[in-house]
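Trainee: Handing you a structure now.
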Amino acid sequence: MTVAPHSPLRRGVALFALAFGGFGIGVTEFATMGLLPDIAGELLPGFDQAPDQVIAQAGALVTAYALGVVVGAPTFAVLAARMSQTKLAFWLLGLLVAGTVASACMPTFGSLAIFRFVAGLPHGAYFGVASLLAARIMGPGRQGRGIALALSGLTIANVIGVPLATGMGQALGWRSAYVLVAVIFATTLLLAVLALPRYPGNPSRSPLRELSALSNPRIWVMIAVGSVGFGGFFAVYSYIAEVTTRETGLPPTMVPWVLGCLGVGMTIGNLIGGWATDRNPRRTVNWGFLAFIAALVLYTQLAWHPLGLFVCVFLLGSTASLLIPSIQARLIRISDEAALLGAAVNHAAFNIGNSLGAWLGGLVIAGGLGYLAPGWVGAVLAVAGLALMLFSNALEARDKASGLNTVGVRIR
């Protein structure tokens, strides 16, 4: 059963609410990276004596949030198999409010890390259900654009929200950034309750049936594509504040501008990616990975210069975001009836990449290789992601030649 919004106005507010929730998630995830020096300076000892090592240690906050996404995405998707997608969105937004408020209040680094993990739990499931709801509201044949719309808040956050929260955190203390995010999530929840159409649940679904989709090896190949391939993006992004101030020599006040430039690239890449995915998803992801690899290599060579840094972060943002709608659409298609699980684990995969990239980037920095060295780490990970994508394409071609459908079941 499909329930349409009552009016074009309600439809518009509903789509805005879904995107605005993604906006809040983008701010809470990425502003932490820009504020690592501020958090480390307050909550970790030895910052003045060994800032590189302490900042690398503070990267554990990025890892904790990412692990929360990895755990929460499949867990919520499986447990909420029968639930109305609309009600699930409400519950996830409520948890996002609670986890973010708690993050702003924590007195120690350890307790902050725990609640960054809690705040990450609803992330993947929210983007999964928001993508599906947006596609239903927009109508048939617009899955790629529905995914792109749900993700548009995430990319626009890097243009407006992340620079604003980073600047606020630098001026008023890092806790103020989390207070801002909590207000965004509370506003989103209010708009969602007022405007989202009440789609019914599916009582025929069950957690075990939803979970059985993970027995398909094709899903795991695509999870690996997102985990490994996008590790390259986060290897660079996790330490972009340090590159701006320590490598390029710009003042800390320029960090929000660098993040904003990256966000403009992400927004443009996401829009192009959604449009291209509805036309040729395979070509989109293959060429997107090649462009992403080139951007990472360029970053290692040019980001030491202020102009080079701005150009490179724009290219990194646009090429990375170009890939996301096509990878998510493919996971949804491969997941068949377990569409929510497929949409959610895509973001779990990206956040495995988040954790992997932040960890590897921190290792090379702590090893004395410099703040641009994570760019080479990223390029290697992106090449591995492309190789996995080509393997996935080969599996799909073999399935078609053997008369199998997208989930590997023979077509009768």
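Trainee: If one takes the longest principal axis of the Cα atoms in the chain, at what angle in degrees, from 0 to 90 and to the nearest 10, does the Cα axis of helix 255-277 lie?
Mentor: The answer is roughly 20 degrees.
Trainee: Explain nothing, just compute: Karplus ³J(HN,Hα) = 6.51 cos²θ - 1.76 cosθ + 1.60, θ = phi - 60°, for every residue of region 15-30 in order, whole Hz, x for Gly and Pro.
Mentor: 5, 5, 4, 4, 5, 5, x, x, 4, x, 5, x, 5, 5, 6, 8
Trainee: Can you give me the long-range amide H partners of SER84? Hydrogens built in the peptide plane at 1.01 Å from N, cutoff under 5 Å, separation of 5 or more residues or another chain.
Mentor: Hits under the 5 Å cutoff: GLY201.
Trainee: Return a whole-number percent for the relative contact order of the chain, with Cα pairs under 8 Å and 6 or more residues apart as the contact set.
Mentor: 25 percent
Trainee: Taking a 1.4 Å probe, which of MET83, MET389 shows the most accessible area, and what order do the others take after it?
Mentor: MET83, MET389
Trainee: While we're looking at this one, here's another question. Rounded to two decimal places and with Rh computed the Kirkwood way over Cα pairs, what is Rg over Rh for region 153-251?
Mentor: When Rh is taken as the Kirkwood radius, the ratio is 1.12.
Trainee: Next up: From the convex hull of the Cα coordinates of region 177-323, what is the mean projected area in square nanometres?
Mentor: Projected area, direction-averaged: 12.2 nm².
Trainee: Using packing as a proxy for protection, rank 300-309, 233-242 so that the peptide with the highest average count of other Cβ atoms within 10 Å comes first.
Mentor: 233-242, 300-309
Trainee: Also: What does the convex hull of the Cα atoms come to per residue for region 38-130, in Å³?
Mentor: Once divided by residue count, the hull of region 38-130 is 82 Å³.
Trainee: Once every DSSP H run of n ≥ 4 in the chain is given -39500 (n - 2.57) and the sum is divided by its residues, what mean residue ellipticity at 222 nm do you get, rounded to the nearest 500 deg cm²/dmol?
Mentor: Calculated at 222 nm, the ellipticity per residue is -26000 deg cm²/dmol.
Trainee: Starting from the exponent 0.38 and prefactor 2.2 Å, build the expected Rg for the chain from its residue count and divide its actual Cα Rg by it.
Mentor: 0.93
Trainee: Compute the acute angle (0 to 90°) between the alpha-carbon long axis of helix 217-229 and the principal axis of greatest extent of the alpha-carbon atoms of the chain; round to the nearest 10°.
Mentor: For 217-229 against the chain, the angle is about 20 degrees.
Trainee: For a protection proxy built on the mean count of beta-carbon atoms within 10 angstrom, sort 178-188, 123-133 highest first, please.
Mentor: Output ranking for 178-188, 123-133: 123-133, 178-188.
Trainee: Still on this structure, I have one more. With a 1.4 Å probe and all protein chains left in place, how much of the accessible area of the chain comes from carbon and sulfur atoms, in whole percent?
Mentor: Answer for the chain is 72 percent, counting heavy atoms of protein chains only.
Trainee: Separate question: Roughly how many Å² is the accessible area per residue of the chain, as a whole number, for a 1.4 Å probe?
Mentor: Per-residue value: 38 Å².
The values are calculated or read from the model by the stated rules, or taken from the named source; none is laboratory data. Here the structure is a predicted model, which is why all the values come from computation and not from measurement. Every residue, glycine among them, receives a Cβ derived from its backbone with ideal geometry; neighbour counts consider all protein chains shown. Heads up: the accessible areas ignore ligands, DNA and RNA and are worked out on the full protein's heavy atoms, side chains in. Shrake-Rupley method; radii C 1.70, N 1.55, O 1.52, S 1.80 Å.
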